[in-house]
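What follows is a short report on a single structure.
Just so it is clear, none of the values below were taken in a lab; they were calculated from the coordinates. This is a predicted model, so every value here is computed, not measured. Here Cβ is always computed from backbone atoms with ideal geometry, including for glycine, and neighbour counts include all displayed protein chains.
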């Protein structure tokens, strides 16, 4: 009987892609989406914060105590906590991202192993299916050349390097042929695609859009400086999702310098206002409670946030990441204060999102993803706002447009 493998994926979209690569390369195993029936569990880990490491370690301990599954660890956490978990015999095998296409062989190993592989590898995997997904994630680059003071990722993913364009386009073609219409570009720092190679992300997206079946392209997190003149030329294209996620991390000039960020608030505000004038919903990343964030700095940040035309935010309280400059900084912010600031921030952006949805006049272009337990359906529109739908027909995986919708506090509602 063939053994069943369950993939537990933590962290970012790049990890989601890597998990799909591993699933596609399994030949002698069956994939299960039920953790309880798995003979083998592959933990694709995240290590962006100490908290992320703790979450992964807790999961490993839980599985060890509750199931007899054979455990393997990969992902970014393999580089930071893999050796410790391996030495304590918490996991049978540890392997780095460069080894994922060998997974069929690795899972058949009878001897425990620890293989981190090459941190400078360039991914050449082509994924033709996404199990359990209605959207396709397209990995276009790996690594990052930025050195933000709080971030460990360049040290576990390596420096920025781009994947081969022909491989990317082949993957988009295969997935579009298999019925996927929305494509999400992902990587460690997607906006750096093509740097030093005579191309860029805007040119890649233009070529993707010419492939039959491509309906919507969404970009992962961009840096403000990466939305250059050539990128601005595609802002009116119908295939570009009307939502952009532009990473700011903070809005206080003093805090941006402490974080060793390249962006500056004045130019960020101008960029956001220009994008909002074109009808884009705008999201950002924001770290609350980084060392040195005094009450005065926070109040300055709040005043700036009130002005920014934001609709979405991926916000989190600062969590120390050992091995980074920020981890040794003084003037730490108390946890309870950081949580209060996080709540204030999310409340501001939630209100802005609601106002944006109420002000929108036009059709929602919706990709329905799945049916919920209550029988309603859930998906996202072109602004990356959640849409809940009521229908007697099965809408899963379908595209539909609707002018007739009502705005709720947390989502738009459509009755078919």
From a point 7 Å beyond the Cα of residue 374 in the direction of its Cβ, which residues of segment 382-396 have a backbone N at a distance under 19 Å? 385-396
Inter-part distance where segment 304-344 and segment 264-278 are each reduced to a Cα centre, Å: 22 Å
When a/c is below 1.5 the answer is rounded, else prolate if a/b is larger than b/c, else oblate, so apply that to segment 4-115 with a ≥ b ≥ c taken from the square roots of the Cα gyration tensor eigenvalues. rounded
What's the exposure ranking of 312, 383, 62, going from fewest to most Cβ atoms within 10 Å? 62, 312, 383
How many nm separate the modelled label positions at residue 393 and residue 30, each set 7 Å beyond the Cα in the direction of the Cβ? 3.4 nm
Quote the relative contact order of the chain in percent (integer), defining contacts as alpha-carbon pairs under 8 Å separated by 6+ residues. 10 percent
Hey, of [x] 21.7, 64; [y] 24.6, 92; [z] 21.5, 82, which did the structure itself give for Rg and Dmax of the Cα atoms in Å when calculated? [x]
7 Å from Cα along Cα→Cβ at both residue 329 and residue 212: what's the point-to-point distance in nm? 5.3 nm
Label-to-label distance, nm, for residues given as residue 147 and residue 66 (7 Å Cα→Cβ offset): 4.2 nm
Difference of contour (0.36 nm per residue) and Cα-Cα distance, residue 104 to residue 87: 3.8 nm
Along each of the three principal axes of the Cα atoms of segment 31-180, give the extent in whole Å, ordering the values from largest to smallest. 44, 40, 27
Shape parameters for segment 364-415, alpha-carbon atoms, Rg then Dmax in Å: 9.7, 26
Calculate the FRET efficiency for residue 416 and residue 296 from the Cβ-Cβ distance with a Förster distance of 41 Å, rounded to the nearest 0.05. 0.20
Length-normalised contact order of segment 121-241 in % [C-alpha pairs under 8 Å, at least 6 apart]: 26 percent
What list do you get for 95, 360, 272 if you sort them by fewest beta carbons within 10 Å? 360, 272, 95
Quick one: Cα centre-to-centre distance for segment 350-416 and segment 68-86, in angstrom? 39 Å
Between residue 229 and residue 1, what is the FRET efficiency for a Förster distance of 51 Å, r being their Cβ-Cβ separation, to the nearest 0.05? 0.30
Show that you can apply the helix-only estimate: for the chain, add -39,500 (n - 2.57) for every DSSP H stretch of four or more residues, divide by all residues, and state [θ] at 222 nm to the nearest 500. -9500 deg cm²/dmol
What is the extension gain from residue 273 to residue 409, computed as 0.36 nm multiplied by their sequence separation minus the C-alpha to C-alpha distance, in nm to one decimal? 46.5 nm
